[in-house]
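Participant: The structure follows.
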Amino acid sequence: MSTSTNAVLDVRDLHVSYSQGDGRSSVVHGVSFTVQPGEVVALVGESGSGKTSTAQAVIGLLAENGRIDSGAILLNGENISRWSARRLRGIRGAVVSLVPQDPGSSLNPVLTIGTQVREILEIHGRLDRREADRKVIELLNNVGLSQPELRVRQYPHELSGGMKQRVLIAIAIALRPALIIADEPTSALDVTVQRRILDLIDDLRREYGTAVLLVTHDLGVAADRSDKIIVLQGGRIQEQGRTADVRASPQSAYTRKLLSDAPSLAAARPRPPVEIGRPAALTITNLVQDFPLPTGKTFRAVDGISFTVARGTTHAVVGESGSGKTTTIRSIAGFQRPTSGEIRIGDFDVGSLKSEALRQFRRKVQLVYQNPWASLDPRQTVQSIVEEPLLNFEALTRDQRAERVRAIIERVGLPAAVLSRLPHALSGGQRQRVAIARALVLEPEVVVLDEAVSALDVTVQAQILTLLAELQRDLGLTYVFVSHDLAVVRQIADTVSVLHNGRQVDYGTVEDVFSSAATAYTRELIEAIPGTKFPRAETPRQLLAAGPLS
């Protein structure tokens, strides 16, 4: 590793651990890297890789039970690794700033946006109140927030996720720090909003020459946005180098695995064309879903959607937040009666079902939810979780239920030993396999997968997608796959509906929609897939030489 006295950040042989019970657990083992002025360095790895602990150590925000055991962190040439919390507070915001992961929980809900942006200016005593108010408006305008004079009076709940993230970036750049740590800054955002936020960070880097440490699990984002990549696994660096070199010729087996599993970087998996004349498992005709508003008016969440899903195929429903995806699948599952239109699954007209007929219908359609940490009862064993649907629908003996549960657990690739465990003892991928087993134990005809892989690391995501493909092939399942991630859709789906503001703006085979989208909105979604801008056209030196943005 080469170091430089000109580096904004120079991390040398960093070791970090956390106290656990009577001992300590080491999570970062000898990590070393540099970040130069105007450079973006991506710290890439899955959950437990040590990337967040490394970033927190740099800015002095390790959890109370965490500590730096050894090594050095040089910020503008000065070793800050042993500084007190009080001394570190003096440089946060002024020299190094953090853009956190979750915009929903990172802003104070009881303070206005203006108050929270002004706070960073007041803490460091740079401006008087009138100057600070003017600077707040200027910052919100610089990060692209519309009507900044209005936003300063609003509270976080009145802003969208993308707007909240722009506020956090405004706070991070307020004092023009030498280094910004962006910790998964777009993981909770829609793909087009993600692109705009990353473009914004890049624009600000160009304007101010700020260095960026980008913490991410998304290799597509890293490939698009970084000059260098550092790949972490188990707290150790597996590989680091120029982004172009790492992507073109990865040296470690782990990096090669990450690159091959990343949907945005992988070639589309060839899928056989859907046979003409194959019977339909699901048909939706002119679906309309209205909801009453307190004003007495109605809000139309879904407006005239129609599509057909052939038996044994996968149909993707994609779109950003507020597009109507969730409302559509709730109607498919019979959780709400359509305002108008028709949903047919097999012989069932879903909108006309009542009481016992509706209950029996639900065994035909099962859901797998997004978050495997929240969708399983933490008090139940895996045996009880997967068995529960059988208790509701099947007149089986205890031994028969146990055999069905063991069979489906084996089918989803889990050992029988997990049956006695509680969810907290399982990894995220194992939990999602349990959720899939629970959905399949009743042998449904249609499985609705609601963002079912978006909360998973890239290698686990790839394993679940492979499992879903195998189950579909072996059991003849029909999937409705709800996602905002078109890279994943390209891998798994046969046909796709693109929703925007409750309307279906594109519909057809995945190949046709991706190659010749009918609308500008769909083209924007496709163009926003990370990993498509590689290689980066500009080096940090070129950016700095170019001067401020016009």
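Participant: Suppose the filter is touching a Phe, Trp or Tyr at 6+ places or on another chain (Cβ under 8 Å) and crowded, with 21+ Cβ neighbours inside 10 Å; does Val482 pass it? Can you show your working first?
Facilitator: Numbers: touching a Phe, Trp or Tyr at 6+ places or on another chain (Cβ under 8 Å): no; crowded, with 21+ Cβ neighbours inside 10 Å: yes.
So Val482 does not fit the description; no.
Participant: If I filter region 385-401 down to residues being modelled with pLDDT under 90 and assigned to a helix (DSSP H, G or I), which single residue comes out as farthest from Arg363 (Cα to Cα)?
Facilitator: Applying the filter and picking the extreme gives Asn392.
Participant: Right, another one. Which of the strands (runs of 3 or more DSSP E) found entirely inside region 12-98 contain at least 1 residues meeting this: within 25 Å of Ile173 (Cβ to Cβ) and at pLDDT below 95?
Facilitator: Per the criteria, 40-44.
Participant: Among the residues of region 165-190, which ones are out of contact with any strand residue (DSSP E or B) (no Cβ under 9 Å at 6 or more places or on another chain) and closer than 23 Å to Val318 by Cβ? Full working, then the answer.
Facilitator: First, the residues of region 165-190 that are out of contact with any strand residue (DSSP E or B) (no Cβ under 9 Å at 6 or more places or on another chain): 166-167, 170, 176, 188-190.
If the condition is that a residue be out of contact with any strand residue (DSSP E or B) (no Cβ under 9 Å at 6 or more places or on another chain) and closer than 23 Å to Val318 by Cβ, then Ala188, Leu189, Asp190 are the ones that fit.
Participant: Kindly indicate which of Asn108, Asn6 is part of a loop (DSSP other than H, G, I, E, B) and either free of Cβ contacts under 8 Å to residues at least 24 places away in the same chain or more than 27 Å from the chain's Cα centre (by Cα) (or both).
Facilitator: Sole residue among the options that is part of a loop (DSSP other than H, G, I, E, B) and either free of Cβ contacts under 8 Å to residues at least 24 places away in the same chain or more than 27 Å from the chain's Cα centre (by Cα) (or both): Asn6.
Participant: Shifting gears a bit: So, of the residues in region 243-266 that are surrounded by fewer than 17 Cβ atoms within 10 Å (Cβ to Cβ) and basic (Lys, Arg), which turns out to be farthest from Leu456 (Cα to Cα)?
Facilitator: Taking the candidates together, the pick is Arg256.
Participant: Quick one: count up the residues across region 188-205 that are in a helix (DSSP H, G or I), surrounded by 21 or more Cβ atoms within 10 Å (Cβ to Cβ) and within 15 Å of the chain's Cα centre (by Cα).
Facilitator: 6
Participant: Taking Pro156 as meeting all but one of (1) out of contact with any Pro (no Cβ under 6 Å at 6 or more places or on another chain); (2) within 23 Å of Ser323 (Cβ to Cβ), write down the number of the exception.
Facilitator: Condition (1) is where Pro156 drops out.
Participant: Taking only pairs six or more apart or across chains, which ones have beta-carbon atoms under 6 Å, a first residue in region 141-160 that is in contact (Cβ under 8 Å) with a residue 12 or more places away in the chain and more than 13 Å from Pro103 (Cβ to Cβ), and a second residue that is hydrophobic (A, V, I, L, M, F, W, C) and part of a loop (DSSP other than H, G, I, E, B)?
Facilitator: That search, which allows pairs on different chains as well, returns Arg151/Leu145.
Participant: Determine whether region 334-343 contains at least one residue that is at positive phi, touching a Ser or Thr at 6+ places or on another chain (Cβ under 9 Å) and without any contact (Cβ under 8 Å) to a residue 60 or more places away in the chain.
Facilitator: Yes, there is a match, as at least one residue in region 334-343 is at positive phi, touching a Ser or Thr at 6+ places or on another chain (Cβ under 9 Å) and without any contact (Cβ under 8 Å) to a residue 60 or more places away in the chain.
Participant: Follow-up question, since we're still on this one. Could you grab me the full set of residues in region 117-136 that are within 30 Å of the chain's Cα centre (by Cα) and either surrounded by fewer than 19 Cβ atoms within 10 Å (Cβ to Cβ) or modelled with pLDDT of 95 or more (or both)?
Facilitator: Glu119
Participant: Are any residues in region 194-227 within 17 Å of Ser454 (Cα to Cα) and of a type in the set (A, V, I, L, M, F, W, C), and if so, which ones?
Facilitator: Leu219, Val221
Participant: Let me ask something additional. Tally the residues that are in a helix (DSSP H, G or I) and under 19 Å from the mean Cα position of the chain (by Cα), restricting the search to region 481-524.
Facilitator: Final tally of qualifying residues: 8.
Participant: Also, quick follow-up: Taking Leu390 as the residue in question, decide whether it is within 21 Å of Ala455 (Cβ to Cβ) and surrounded by 15 or more Cβ atoms within 10 Å (Cβ to Cβ).
Facilitator: Considered against the rule, which asks whether it is within 21 Å of Ala455 (Cβ to Cβ) and surrounded by 15 or more Cβ atoms within 10 Å (Cβ to Cβ), Leu390 comes out as no.
Participant: Can you go through Ser19, Ser70, Ser81 and tell me which one is crowded, with 16+ Cβ neighbours inside 10 Å and more than 18 Å from Thr210 (Cα to Cα)?
Facilitator: Matching residue, one of Ser19, Ser70, Ser81: Ser81.
Participant: Search region 393-421 for residues being farther than 10 Å from Val441 by Cα and among the β-branched types (Val, Ile, Thr), and hand back the single one that is surrounded by the fewest Cβ atoms within 10 Å (Cβ to Cβ).
Facilitator: Thr397
Participant: To continue, here is another question. Taking Gly162 as meeting all but one of (1) within 21 Å of Ile197 (Cα to Cα); (2) touching a helix residue (DSSP H, G or I) at 6+ places or on another chain (Cβ under 7 Å); (3) loosely packed, with under 15 Cβ neighbours inside 10 Å, write down the number of the exception.
Facilitator: (3) is the only condition that Gly162 fails.
Participant: Select from region 234-260 the residues that are among the basic types (Lys, Arg) and in contact with a strand residue (DSSP E or B) (Cβ under 7 Å, 6 or more places away or on another chain) and list them in ascending order.
Facilitator: If the condition is that a residue be among the basic types (Lys, Arg) and in contact with a strand residue (DSSP E or B) (Cβ under 7 Å, 6 or more places away or on another chain), then Arg236, Arg242 are the ones that fit.
Participant: For region 402-415, does any single residue satisfy the condition of being at positive phi and either part of a loop (DSSP other than H, G, I, E, B) or of a type in the set (Gly, Ala, Ser) (or both)?
Facilitator: Yes, the conditions are met somewhere in region 402-415.
Participant: List the pairs whose first member sits in region 249-272 and is of a type in the set (Val, Ile, Thr), whose second member is modelled with pLDDT of 90 or more and surrounded by 15 or more Cβ atoms within 10 Å (Cβ to Cβ), and whose Cβ atoms are under 7 Å apart, counting only residues at least 6 apart or on separate chains?
Facilitator: Matching pairs, first to second residue: Thr255/Val231; Thr255/Gln238; Thr255/Glu239; Thr255/Val246.
The values are calculated or read from the model by the stated rules, or taken from the named source; none is laboratory data. The shown structure was predicted, so the numbers you read here are calculated from the model rather than taken from an experiment. Cβ coordinates were reconstructed from backbone atoms using ideal geometry, including for glycine residues, and neighbour counts include every protein chain displayed.
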